[in-house]
Every structure is written in structure tokens, then in C-alpha cells.
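J.: Have a look at this one before I ask anything.
The values are calculated or read from the model by the stated rules, or taken from the named source; none is laboratory data. Note that the structure is predicted; figures quoted are calculated from it, not measured. Cβ: placed from backbone, ideal geometry, glycine included. Neighbour counts: every protein chain shown.
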Amino acid sequence: MGSTERDLATDLARIIRATADEVTTGRGSELIDRVTGHLAAPLTEVVVVTRNWPAWEHANIQRGVEAYLAEHGTAVDWFGIAGGQRTHEDLIGMLVIARKQGTFELGSVDYTTTAIGPEDATEAVQLGLVGTSAPGGEPVLVAIRGANPQWGQMECRLEVLATSRATATGVRDRVERLMAEHDVLRGQVLAFGTSENRGNDLLTFLPRPTLGGEEVVLPDGVLDAIEQHTVGIARHGERLLAAGQHLKRGLLLHGPPGTGKTHTVRYLMGRLPGNTVIILTGTAMRFVAKAAELARRLQPSVVVVEDVDLIAQDRSYGPGAHPLLFTLLDAMDGVGGDADVTFLLTTNRASELEKALADRPGRVDLAVEIPLPDAVGREALLRLYARGLKLTADLAPIVAATEGVTASFAKELLRRASLLSLAARPDADVAVGDEELTTALREMQEARSALTRSLLGSSAAQ
Ligand SMILES: Nc1ncnc2c1ncn2[C@@H]1O[C@H](COP(=O)(O)OP(=O)(O)OP(=O)(O)O)[C@@H](O)[C@H]1O
Ligand SMILES: [Mg+2]
């Protein structure tokens with residue numbers, strides 16, 4: 001069932017239940033009086049229109065409802081429901097029980113806090129109702145319910161109570177439009193994940209990295225090509241579209257571990273400040289369809305899929321026998337060419353993807369190799385990671401002796417040299433000379449375990 005059909009089915013079930021309950025006349029309830037008083041109709045004539053969203057949309061529902069209330073300028077007077085186990089029941093269920101048994105009573109609003117940025121959170125109604133009016137002036141009640149994973153309620157919910165379905169639907173649609181206008185996810189850096197203790201799905205806000213171009217050491221022209229295909233297309237989006245060109249792009253960064261694929265992705269995030277970034281790594285890969293949906297909604301946007309080789313063979317989450325990779329490729333295709341969406345894929349085993357990508361052309365339109373640094377690169381890396389210290393060493397012999405190492409090896413070399421300097425002169429400024437660098441390099445190359453050596457990314461040392 002689609003979500004609309006499901007909504008309709010639950011609405012019908014509720015109406016039927018409410019009608020069935022009509023025969024038993026309960027005692028008076030302030031809560032019911034508040035609802036029926038505002039709607040000027042008995043409970044049996046109340047229609048509820050519901051829409052559920054993933055838990056991470058809670059702040060958006062709050063924003064949408066607040067904007068709606070501001071627009072309809074009525075006195076904003078939220079009320080809640082007091083009484084045992086109210087988290088189990090749906091709203092009409094609660095009201096019906098309230099009327100029959102007096103279990104639920106008028107109470108204060110439950111609030112919760114929900115993130116709206118890497119550093120910011122907002123208060124949101126966890127369970128509460130507010131009376132307002134529909135665009136046509138009819139009285140309606142709007143209710144917000146937050147997700148409640150402890151009780152198995154994984155989604156958050158907007159409910160609109162009115163005396164006609166059209167009225168309730170109209171209000172819900174307007175709130176939804178306002179949610180889109182005030183979307184708190186737009187322009188953010190977001191990562192999918194799963195909460196360890198509750199097992200519920202999470203969308204986490206991350207700070208946007210800000211790296212300077214000089215911090216990314218790549219062979220001449222490589223970063224330019226990458227920027228051209230991402231930032232460049234973004235900059236000329238409207239004109240490209242007008243010229244009949246598609247905007248959606250897929251970029252694959254491939255190369256050995258530790259050469260700067262993730263580093264480059266982080267740099268690009270900083271170069272696309274207005275873009276929404278959605279990051280998928282590890283087990284979060286199973287959110288790929290949701291990520292593509294969000295990317296379309298929040299465009300201009302970037303979907304980052306790290307270590308995509310991990311899903312090339314993984315059939316555990318994909319539908320049927322298809323590996324998850326095909327789900328990703330389908331999602332990439334489904335976004336539509338006119339969408340200003342960039343897919344950034346990284347892998348250190350491009351060969352494993354080649355066939356799947358070749359079989360489904362058009363998803364990845366640029367593959368860029370991020371190679372091991374050459375001599376010029378190694379020297380630049382050593383200088384880059386020596387920026388904060390006093391470097392007196394002659395780099396030429398170090399550069400010559402580190403052929404085949406990764407960028408992250410060069411970074412670690414400087415850290416070890418700094419530690420040697422600090423060990424020898426704890427109170428002086430950190431200074432790295434020939435001795436610190438050669439000793440650090442010897443230590444790293446002599447690293448006794450082969451595992452340590454390969455972790456450091458040094459083929460030359462093997
Ligand atoms: N080209 C580079 N220029 C500057 N620093 C780099 C570069 N490559 C790597 N580094 C440094 O090494 C760290 C590790 O590199 P990064 O995580 O980008 O490697 P990767 O290519 O993504 O590797 P993997 O395939 O294992 O994911 C970076 O955070 C950065 O500090
Ligand atoms: Mg990486």
C-alpha cells in the first residue's frame with residue numbers, strides 16, 4: 001500500500017471504531033469537551049487525517065505547524081493529554097477511551113528536544129493538540145506526536161481533526177507545504193545511522209568541514225577536474241538546464257587507501273556551502289533509497305557514498321537477490337537528470353565495481369584516480385603537515401626514501417618527528433630537523449609487524 005492508501009485505511013479504522021463506541025455513553029471529560037467544543041461537533045463526527053514521517057522529520061512538523069498557526073493568526077493554546085499509557089494509543093483511540101472510561105484527561109503538553117543543526121536543538125511538541133482554523137475558516141485541531149521508539153512507535157505524526165475530510169486534508173496539505181518551506185534539513189550536512197541503544201533510525205547533523213585548496217595535495221589538474229565536475233556544474237546549473245543539459249552527476253574517486261579520497265570529499269563539502277550533503281557509510285548504506293529521496297527534495301545536494309566496494313557484493317539489505325550496489329545505481333538513476341544532485345562515490349577497489357557500472361551507464365560520468373603521491377606530492381605533503389612547526393630538515397632525502405607511501409603516511413611521519421622533538425626538548429617549540437625526520441622514518445619503516453607497516457600505507461617499507 002502507498003502511504004496515502006495506508007493513511008486512508010487507518011482513518012477509516014478510526015472512524016469505524018469511534019462510531020462503534022458511540023453507543024456507549026461515557027461520563028463527561030474536560031478533554032473531550034475541549035475537542036468537541038472547539039470543533040463544535042460530537043466526537044463521532046470528527047474525521048482524523050494522519051500523516052507519519054520518519055522520526056528525523058519531527059522538527060519539520062513542529063516548524064510547519066508553527067508556521068501554519070502564525071498564518072492563521074488564532075490564539076495559540078496548546079493542550080496535552082494526561083493519563084497512563086497515553087503513548088500507546090492513537091489520538092482518536094485516546095479520546096474514545098477518555099470518554100468511555102475517563103482514563104485520559106486534559107493535561108499539559110509534552111515537549112522534547114530535537115536537533116536542527118550540528119550545534120542547535122529546538123523544542124518540539126512530543127504530544128499535544130492545538131485548536132486553529134482551516135483556510136476556509138472551519139475549526140480544526142492539529143496534533144503533533146513525536147516518535148517513541150521505546151514503545152515501538154518509530155515514526156512521528158501529524159494529525160488533523162476536523163468535521164470534514166476535505167477540511168482536514170486541506171490543513172494537512174498546507175502544513176506540509178510550510179514544512180517544505182521551513183525544512184531544517186536543507187543545506188545541512190547529514191549522516192544516516194542507527195541508534196545503538198534503541199535500534200531506531202537516525203539522521204545526524206554534522207559540522208561542515210572547511211578545508212583550503214592548499215590542504216589537498218593532488219597531482220596537477222586532478223582537483224581542478226573534480227571541482228569542475230561538481231562545483232562547476234553547480235555554478236552554471238540554470239544555464240545548463242536551459243541549454244537542455246542534465247545536471248545530475250556521478251563522480252567516482254578511486255585509488256589506494258590513505259591517498260585522500262575522503263579528504264577530497266570533505267574539501268568539496270566546504271566548496272558547496274549551500275548544498276545539502278547526505279553521507280552514507282558502512283551499515284548506513286541500507287538507507288540509500290531514503291538518501292536519494294532526501295537529495296531530490298533538498299537539492300542542490302550531494303550524496304556521499306563512501307567505500308562503495310563494500311556494497312558491491314552485499315546482498316543482505318538489497319531487495320531480492322540484487323546486491324545493494326544495484327539498489328544504489330537504481331536510486332542514482334531514479335533521482336532524475338534535471339535534479340541538481342551530485343553523487344560522490346569513493347572506493348579503493350574500483351575493479352570490483354567496473355562491470356556493474358559499465359552495465360548501467362550514465363550513473364557515474366567521471367571516474368578520477370587519486371594516486372599515491374609522487375616526489376613533488378610527497379614534498380608538498382611534508383610541508384603541509386609541518387605548517388604548525390619549525391621545519392629545518394632537508395626534505396630531499398626523505399622524499400627520495402618514501403617512494404610508494406601514501407599521503408596519510410607522510411602526515412604520520414611528521415607527527416612522529418614532532419613527538420621525537422617534544423621528547424628531546426619538552427619545553428621548546430616543536431622543531432623538526434634531519435635527525436627527527438630520519439629517526440621517525442626509520443621507526444616507521446622498521447615497524448616490526450607487517451600489519452603496522454601496511455596500516456601505515458607504505459609499500460616501499462615492505
Ligand atoms: N591528498 C592528500 N592531501 C592532503 N592530505 C591528505 C591527502 N590524502 C590523505 N591525507 C591525509 O590523510 C588522512 C587520511 O586520508 P583519507 O581518509 O582521505 O584517505 P582515503 O583515500 O579516503 O582512504 P580509504 O580508501 O582508506 O578510505 C586525511 O584525513 C588527510 O589528513
Ligand atoms: Mg576514505
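For every residue, the table says whether it meets (1) more than 11 Å from Ile370 (Cα to Cα); (2) of a type in the set (Lys, Arg); (3) within 16 Å of ligand 1 (Cβ to nearest atom); (4) in contact with a helix residue (DSSP H, G or I) (Cβ under 8 Å, 6 or more places away or on another chain).
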site: Val217; (1), (2), (3), (4): no, no, yes, yes
site: Arg239; (1), (2), (3), (4): yes, yes, no, no
site: Gly260; (1), (2), (3), (4): no, no, yes, yes
site: Val265; (1), (2), (3), (4): yes, no, yes, no
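J.: Considering only region 193-244, state which residues are of a type in the set (Ser, Thr, Tyr) and either part of a loop (DSSP other than H, G, I, E, B) or at pLDDT 90 or above (or both).
T.: Answer for region 193-244, where residues must be of a type in the set (Ser, Thr, Tyr) and either part of a loop (DSSP other than H, G, I, E, B) or at pLDDT 90 or above (or both): Ser195, Thr204, Thr210, Thr230.
J.: Output the residues belonging to region 108-122 that are touching a helix residue (DSSP H, G or I) at 6+ places or on another chain (Cβ under 9 Å), over 28 Å from Thr169 (Cβ atoms) and touching a residue at least 60 places away in the same chain (Cβ under 8 Å).
T.: Correct list: Ala115 only.
J.: Would you check if Arg239 is within 13 Å of the chain's Cα centre (by Cα), more than 16 Å from ligand 2 (Cβ to nearest atom) and surrounded by fewer than 21 Cβ atoms within 10 Å (Cβ to Cβ)?
T.: no
J.: A follow-up question, please. Considering only residues of region 285-311 that are within 16 Å of ligand 2 (Cβ to nearest atom) and farther than 23 Å from Gly237 by Cβ, which is modelled with the highest pLDDT?
T.: Looking at residues that are within 16 Å of ligand 2 (Cβ to nearest atom) and farther than 23 Å from Gly237 by Cβ, I get Glu306.
J.: Among the listed residues Arg387, Arg383, identify the single one that is in a loop (DSSP other than H, G, I, E, B), without any contact (Cβ under 8 Å) to a residue 24 or more places away in the chain and not aromatic (Phe, Trp, Tyr).
T.: Checking each option against the conditions leaves just Arg387.
J.: Suppose we keep only residues that are within 16 Å of ligand 2 (Cβ to nearest atom) and touching a helix residue (DSSP H, G or I) at 6+ places or on another chain (Cβ under 7 Å) within region 367-397. Which one would you say is farthest from Thr342 (Cα to Cα)?
T.: Filtering first and then ranking leaves Pro373.
J.: Please determine, by comparing only the residues of region 87-113 that are in a strand (DSSP E or B) and touching an Asp or Glu at 6+ places or on another chain (Cβ under 8 Å), which one is farthest from Gly128 (Cα to Cα).
T.: In this case the residue turns out to be Thr113.
J.: So the check is Cβ under 7 Å with 6+ separation or different chains; which pairs have a first residue in region 127-142 that's at positive phi and a second one that's among the acidic types (Asp, Glu) and not in a strand (DSSP E or B)?
T.: Close Cβ pairs (under 7 Å, with a partner that is among the acidic types (Asp, Glu) and not in a strand (DSSP E or B)) do not exist here.
J.: Among what's in region 341-351 and is more than 16 Å from ligand 2 (Cβ to nearest atom) and buried (at least 21 other Cβ atoms within 10 Å of the Cβ), pick the residue that is farthest from Ile370 (Cα to Cα).
T.: In this case the residue turns out to be Val341.
J.: Moving to a separate point now. Having 2 or more residues that are acidic (Asp, Glu) and in contact with a strand residue (DSSP E or B) (Cβ under 6 Å, 6 or more places away or on another chain) is the bar; report the strands (runs of 3 or more DSSP E) wholly within region 119-186 that clear it.
T.: Per the criteria, 155-162.
Residues checked against (1) buried (at least 17 other Cβ atoms within 10 Å of the Cβ); (2) outside any helix (DSSP H, G or I); (3) within 9 Å of ligand 2 (Cβ to nearest atom); (4) more than 21 Å from the chain's Cα centre (by Cα):
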site	(1), (2), (3), (4)
Leu247	yes, yes, no, yes
Leu252	yes, yes, no, no
Pro257	no, yes, yes, yes
Thr262	yes, no, yes, no
Tyr267	yes, no, no, no
Ile279	yes, yes, no, no
Thr283	no, no, no, no
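J.: In this structure, is Thr452 at pLDDT 80 or above, not aliphatic (A, V, I, L, M) and not assigned by TED's automatic domain parsing to the domain that holds Val217?
T.: Spelling it out, it is not the case that Thr452 is at pLDDT 80 or above, not aliphatic (A, V, I, L, M) and not assigned by TED's automatic domain parsing to the domain that holds Val217.
J.: Under the condition of being more than 20 Å from Ala291 (Cβ to Cβ) and of a type in the set (Gly, Ala, Ser), which residue from region 241-258 is nearest to ligand 1 (Cβ to nearest atom)?
T.: So the residue we want is Gly258.
J.: Shifting gears a bit: In this structure, is Thr194 away from ligand 2 (no atom under 15 Å from the Cβ), of a type in the set (Val, Ile, Thr) and not assigned by TED's automatic domain parsing to the domain that holds Leu353?
T.: For Thr194, the condition - away from ligand 2 (no atom under 15 Å from the Cβ), of a type in the set (Val, Ile, Thr) and not assigned by TED's automatic domain parsing to the domain that holds Leu353 - is met.
J.: For residues that are more than 15 Å from ligand 1 (Cβ to nearest atom) and either under 19 Å from the mean Cα position of the chain (by Cα) or free of Cβ contacts under 8 Å to residues at least 40 places away in the same chain (or both), tally how many sit in region 222-236.
T.: Of the residues in region 222-236, 4 are more than 15 Å from ligand 1 (Cβ to nearest atom) and either under 19 Å from the mean Cα position of the chain (by Cα) or free of Cβ contacts under 8 Å to residues at least 40 places away in the same chain (or both).
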